[in-house]
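The values are calculated or read from the model by the stated rules, or taken from the named source; none is laboratory data. This structure is a prediction, so every number in the text was calculated from the model and none was measured. Cβ: placed from backbone, ideal geometry, glycine included. Neighbour counts: every protein chain shown. Side chains included, ligands, DNA and RNA excluded: accessible areas come from the protein's heavy atoms. Shrake-Rupley method; radii C 1.70, N 1.55, O 1.52, S 1.80 Å.
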Amino acid sequence: MSTTADSRPDTLAPTEDGLSRLVAEGHDLRPRVTFAETVSQTFALAGRSVTTMRRNADQLFDVTFQPLLFTAMFAYIFGGAISGDVRSYLPLLIPGVLAQSTLTACMATGVQLREDMEKGVFDRFTSLPIARIAPLAGPALADLLRYALAAVLTVAAGLAMGFRPGGGVLGVLAGGALIMFAGWSLAWIFTWFGTVASSARAVQGYSMMILFPLTFLSNAYVPTDTLPGWLRAFVHVNPVSHIVSGVRDLMNDGAVTAQVGWAVLGCVVVAAIFLPLSVRSYARHL
Amino acid sequence: MTTPAVEATGLVKRFGDVRAVDGVDLTIAPGQVFGVLGPNGAGKTTTLRMLATLLSIDAGSARVLGVDVARRPHVVRQLIGVTGQYASVDEKLTARENLRLFGRLQGLSRSASAARADDLLERFALTADAARPLEQYSGGMRRRLDLAASLITSPPLVFLDEPTTGLDPRTRGQMWDTIRELVRSGSTVVLTTQYLDEADQLASRIAVIDRGRKVAEGTPGELKRLVGASSLHVELRDAARAPEAAGIVERVLGEQPSLSPEASRVVASLPDANRAGDVLIALREAGLDLASASIAEPTLDEVFLALTGQPTQGEAADDQEVA
Ligand SMILES: Nc1ncnc2c1ncn2[C@@H]1O[C@H](COP(=O)(O)OP(=O)(O)OP(=O)(O)O)[C@@H](O)[C@H]1O
Ligand SMILES: [Mg+2]
């Protein structure tokens, strides 16, 4: 996606007042950001995030140690009680831990964005002729790597403990893809928090407030049939439940079920709402 | 007539009840250094940020090289380079990585941005430190990198917000050279400063801002004449001969100098700096032994006193140390 000087599309028509002279003087000016430029800028900023991530490997704690810990801990604590033994609990548990770790990683997206925005370099991003979405979309893209890392470690831990997914390699890959897409789209909620909150701590606070109900009041760790009716009602509308069910169907049965459809739809809706909100609120900050 | 680099009328920015910028008009001709001078909180940064599309304009209008800032920010951003009051580079990356990133963001190819980064590192004497993390950079190095990052596309207009505040005298001199070089290569530079001597050294025109309003504008010479002349201070080794010295100074300059309380110091205002030499020669010929001699420029405080009738409020401009 290279945009070299001579292939730049959409050069200003020399009619615009004030601009005509500049263009005539040989300035290569573009009236707006093109889609291709937006993509290339997003990748450049994703590259920046990846470099930063590599240099601060300790910040990957939430997508490395935590999923491993949760898998082992929940498997041994709840396994016997819920499914009779650890091994038969794993097909239920692994997709749940995947969802939990991914959501926690999403939260970090928002907190880190807020911290980043307070640094001087964001001033420069603002003063450059780049798409307003790029400074948000770049980190969001780079965070796919974090979600992937969490997913790989969780599944690996499961396999080591005796998880034998019925969906086979393809089913597991499809489940991983769904959870990464879910992470990308749900992260826009936290990104929006990042653009409206007054500090990184506030982002953390808001995020916790919605993160806990979303993950624990879902079917991530337990079957829902024993829940009281009102709670079951919430669990059923919670998008996280659909994501977890979708991942279970893909990984355990290799089946693209209605749950997968609902999960994808839910994620698309979340992104469609919070992505534009985030960009608008970020651009207004300036 | 050439289009002004900046043309602003009635610029206003409010923060709550504070009118940080309160109706500023500016016309800046291209190809020169234009200085915006004012004490802390005068509204310099706010004015610059509005012109650089970093802040919305509450009232009034601004054009950069004829392009409306509020209506076409994206085009204006292609015409300007901005170096803010505080470094706006990525602390987590190295100098080279920073410059390459900003090059990529502005549409340079991978190889072009690498080449441009190396050019700029060389030009700003950062090549040796290009691979060090910025956390290890000194204030002066950071400033240089920050300026380099604003020049990647060689923009015709460069905004510099207090480019030398917090720099030692040698580094400050280097920064001045760099700014002069920029103008020689055809750019227009708008810089803010708290120091009259800096504006004097660099700027062909200066606007003085106080409490969000422009209180004066002119060449450095015009501003200094507003304040009055510079002054000659001589200190005698033998205080008893001070009246004799005062007489000589009066004979040469045609105006009575003042004597300091301890009476070893003679202070004379200098309508023309060339006359200082005449005074010193006359004192030497009379066999008067001087302990010290100096010429003092009018200070920013005196400019403010003259322009607003009150001294600079808040902290004195000269003992400011901002990173
Ligand atoms: N984001 C903001 N919110 C509220 N008030 C602000 C904001 N930015 C600036 N101000 C106020 O606007 C006024 C002008 O500030 P500005 O930063 O433009 O001054 P300055 O001339 O650049 O000063 P300095 O020499 O200290 O950098 C000050 O009174 C300041 O407190
Ligand atoms: Mg300032």
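Per-residue mean of foreign Cβ neighbours for A:76-83 is 0 (Cβ atoms of other chains, 10 Å radius). Size descriptor for the stretch B:108-166, Kirkwood hydrodynamic radius: 12.4 Å (Cα pairs only, one decimal).
Once B binds A, the 1.4 Å probe can no longer reach about 3300 Å² of accessible area, counting both sides. Residues A:Leu92, A:Leu69, B:Leu79, sorted by accessible area with the largest first, give A:Leu69, A:Leu92, B:Leu79 [1.4 Å probe; ligands and nucleic acids excluded]. With springs only between Cα atoms under 10 Å apart, run a GNM on chain B and tell me which of B:Leu182, B:Leu108, B:Leu236 wobbles the most. Of the options given, B:Leu236 has the highest mean-square fluctuation. In this rough spin-label picture, where each label sits 7 Å from Cα along the Cβ direction, the B:Thr219-B:Arg237 distance is 4.2 nm. Taking all protein chains together, B:Lys13, B:Lys224 sort by accessible area into B:Lys224, B:Lys13, largest first [probe 1.4 Å]. Please work out the FRET efficiency for the pair A:Leu159 and B:Gln136, using the Cβ-Cβ distance as r and a Förster radius of 56 Å; give the result to the nearest 0.05. The formula returns an efficiency of 0.80 here.
Inter-chain Cβ neighbour count for A:44-57, averaged per residue, equals 3 (cutoff 10 Å, partner chain atoms only).
Taking packing as the residue-averaged number of other Cβ atoms within 10 angstrom, the listed peptides A:268-280, A:34-46, B:187-199 run from highest to lowest as B:187-199, A:34-46, A:268-280. With helices as the sole contributors, chain A gives -25000 deg cm²/dmol at 222 nm; each DSSP H run of n ≥ 4 counts as -39500 (n - 2.57), and the sum is divided by every residue. Computed from the Cβ-Cβ distance with R0 of 60 Å, the FRET efficiency linking B:Asp289 to B:Thr2 stands at 0.60. Of the complete DSSP H runs in chain A, those spanning 15 angstrom or more by Cα along the long axis with a mean Kyte-Doolittle score not below 1.0 are A:61-83, A:134-160, A:168-196, A:258-285. When chain B is treated as a Gaussian network with alpha carbon springs shorter than 10 Å, the biggest mean-square fluctuation among B:Thr178, B:Thr47, B:Thr164 belongs to B:Thr178. Surface exposure of the stretch B:55-182, expressed per residue as accessible area with a 1.4 Å probe, stands at 36 Å². Relative to the dominant Cα principal axis of chain B, helix B:242-253 is inclined by about 60°. Each pair of Cα atoms in the stretch B:6-225 enters the Kirkwood radius, and Stokes-Einstein at 25 °C and 0.890 mPa s then converts it into a translational diffusion coefficient of 138 µm²/s. Remark: mean inter-chain Cβ contacts per residue of B:154-161 equal 1, using a 10 Å Cβ-Cβ cutoff to other protein chain atoms.
Peptides B:250-260, A:147-157 ranked from most to least packed, by the mean per-residue count of other Cβ atoms within 10 Å: A:147-157, B:250-260. Evaluated at q = 0.05, 0.06, 0.07 Å⁻¹, a Debye calculation over the C-alpha positions of the protein assembly as shown (equal weights, vacuum) places log10 I(q)/I(0) at -0.34, -0.46, -0.58. Note on A:Val169 and B:Glu262: the model spin-label points, each 7 Å out from Cα along the C-beta direction, lie 9.1 nm apart. Taking Cα atoms only, the orientation of helix B:139-150 departs from the longest principal axis of chain B by about 50 degrees.
When the listed pairs B:Lys13/B:Lys92; B:Lys92/B:Lys214; A:Lys119/B:Lys13 are checked against a 29 Å cut-off, the alpha-carbon distance exceeds it for B:Lys13/B:Lys92; B:Lys92/B:Lys214. Highest GNM mean-square fluctuation among A:Gln204, A:Gln59, A:Gln112, for chain A modelled with Cα contacts below 10 Å: A:Gln59. The portion of the accessible surface of the protein assembly as shown made up by carbon and sulfur, rounded to a whole percent, is 58 (1.4 Å probe; DNA, RNA and ligands excluded).
What is the stretch A:15-283 by shape, rounded, prolate or oblate, if you read a ≥ b ≥ c off the alpha carbon gyration tensor as root eigenvalues and call it rounded for a/c under 1.5, prolate for a/b larger than b/c, and oblate otherwise? In terms of gyration-tensor shape, prolate. At the residue level, A:Asp253 shows approximately 100 square angstrom of accessible surface with a 1.4 angstrom probe and all protein chains present. If you plug the beta carbon distance of B:Ser269 and B:Glu244 into 1/(1 + (r/R0)^6) with R0 = 22 Å, you get a FRET efficiency near 0.65.
Model label points for A:Glu25 and A:Val269, set 7 angstrom from Cα along the Cα-to-Cβ axis, are 5.3 nm apart. In order along the stretch B:176-181, the phi-based Karplus estimate (6.51 cos²θ - 1.76 cosθ + 1.60, θ = phi - 60°) of 3J(HN,Hα) comes to 4, 4, 4, 5, 4, 4 Hz; Gly and Pro are listed as x.
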